[in-house]
Amino acid sequence: MCSIARILIRNGIGFREFADLSKAAFVQVSTSDYGIRGRPTNISRVAVMTGLTRKEVKRIREFGSGYDEALITKRNPLAELIHYWNTGAEYCDDNGSPLELPFDGDGASFWNLVRRFAGDIPPGAMRAELKRIEAITESADGRLRIKTRQHLPLDSENQTIIGINFGLRTLADTVAFNGDPNHQSTRSQKFVDSPHISRKLIPKVQKELDTNINEFVIGIDDWFAEVETQCEGDDDAQLVGVGVYFYADN
C-alpha cells in the first residue's frame, strides 16, 4: 500500500480523492458483479457488501462521485504505428527488420503508415513527435529509421499512467480472475525471486535481466503480430497481453 500511496502523492492525488475513487469502485463492482438474475444489485445489498451507508451508495450510483472507468485498453495511434513498423510484412525486410522509409510516396512510406494507423494526424506532426521521444532518426535524404519497439513516453506522468494501466491494473485483473471460484481455469501468473542477492550486485542483476526481458518481450510482440494476421476482419477482439517486470525491496 505504501507504493500505491507514493505513486498517488507524487501525482498530486490525496487521501480524499483516493477514498472517493475507492468508494466508487466498490459500489461499481458490487452493483455489476453480484446482481441476481442478471439485474444490478440493489442499494441495500451494495451497502451491506461495501460497508457504506445506503445514502452514500445512492449518491455514488446516481452521481458517480467523479469515478471514470474509461481506462485505455488499446494502444494509441503512436504505439500502433511503432508496433506495425516493426512487425508488418510490407514494412519489414526478408529478415524481419523494419525498413527505412521515405517520408511519402507509393507503397511502403511513412505517409501511408501514418494514414493507416493515425487517421487524421498530419504525418509531419507524427514525425516530429517520434523525433521528440527519440524513436526515429532521419537521414540527410529524408529517409526515416525506427529505433524502438515500443512507445514509452519520457515524462514521469505518462510513465505513471502506463504503469498503473498496464501494470497494476492488469496484474490486479489477473489476481482477481485467478481467485474467482467461478472460473475453472486460471491465467498465467509466475514469480521468480531470490532473497540472497547482495545489494552491490543488484545493478548487474538488473542489467542482465533487462536484456533477457527485452528479448522475451520482442519475441512475444513478433508472435502477436503473426496471430493478428489471423484476426483481420474479426470485430470480436479484445486486449490480451503479458506483463514482465523487475522488482527489488527498497
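Quick one: if the Förster radius is 35 Å, what FRET efficiency do residue 173 and residue 143 give, using the C-beta to C-beta distance and rounding to 0.05? Before the final figure, lay out the partial values.
On the way: r = 42 Å, r/R0 = 1.19.
So, using R0 = 35 Å, E works out to roughly 0.25.
List the relative contact order of segment 77-146 as a percent without decimals, with contacts defined as Cα pairs under 8 Å and 6+ residues apart.
Worked out over segment 77-146, it gives 30 percent.
Our coupling estimate for segment 125-131, obtained by passing each phi through the Karplus curve with A = 6.51, B = -1.76, C = 1.60 and θ = phi - 60°, is 5, 5, 4, 4, 5, 5, 5 Hz, Gly and Pro reported as x. Summarising the label geometry, the points placed 7 Å from Cα in the beta-carbon direction at residue 104 and residue 34 lie 6.0 nm from one another. Farthest towards the positive end of the charge dipole of segment 77-146, among the residues 114, 125, 81, is the Cα of 125, using unit charges on the Cβ of Lys, Arg, Asp and Glu. Projecting the Cα atoms of 22, 96, 185 onto the dipole axis of the chain, where Lys and Arg carry +1 and Asp and Glu carry -1 at the beta carbon, places 22 farthest toward the positive end. Charged side chains reduced to their Cβ positions (Lys and Arg at +1, Asp and Glu at -1) give the chain a dipole of some 1660 debye around its Cα centre. Taking each residue as 0.36 nm, the span from residue 90 to residue 191 lengthens on full extension beyond its C-alpha to C-alpha distance by 32.6 nm.
No value in this document is a laboratory result; all are computed from the given coordinates. Computed from a predicted structure; not experimentally measured. Counting neighbours? That spans all protein chains shown, and the Cβs are built from the backbone with ideal geometry, glycine included.
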